[in-house]
Amino acid sequence: AKLTAWLELSSSFMTPMFLAGLLLIVSGILAGIAGDWWFNGQWWLWVSIAALVAIVLLMTPLLAVPLWDVRRGLGLPGQADRKAGTVPTAVDDAELDRLLANRRPMLGALTGIAGIVLITWLMETKPF
């Protein structure tokens, strides 16, 4: 029951997270245009954008997908289930333990931290 509550709480923050990510991207583009870094041959801004995309693409299978499987294993419907009007069947404890063991939180955290450090370094030093 506790795990279900935490996962439902986590799901409730998806829309604010996507809105914050959109705000981050739009404000970064506007700051790049205002700072005249967008089209003047300074590639650090483009590399930063590519790094942000890479971080999101790497962290989705590392963190989000295993948690989607755990949610389904607990019988919580995902977006595809809601669209189809179905509710997944909860799995037994052994299968739930397997789903929980399949997560790689440290690898995901290290990916995110390394990406943020890289982007911060690019923003501060503007090496190219």
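Values for this structure:
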item: Rounded to 10°, Cα long-axis angle of helix 14-34 versus longest principal axis of the chain; result: 10
item: Among Thr86, Thr60, Thr111, residue whose mean-square fluctuation peaks in a GNM of the chain (springs only between Cα atoms under 10 Å); result: Thr86
item: Computed label-point distance, nm, for sites Leu24 and Met106 using a 7 Å Cα→Cβ extension; result: 2.4
item: GNM flexibility winner over the chain from Pro61, Pro77, Pro16 (Cα, springs under 10 Å); result: Pro16
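Quick note: the coordinates plus some simple rules give every number you see, no bench work behind them. As the structure is a prediction and not an experimental result, all values here were calculated from the model. Cβ: placed from backbone, ideal geometry, glycine included. Neighbour counts: every protein chain shown.
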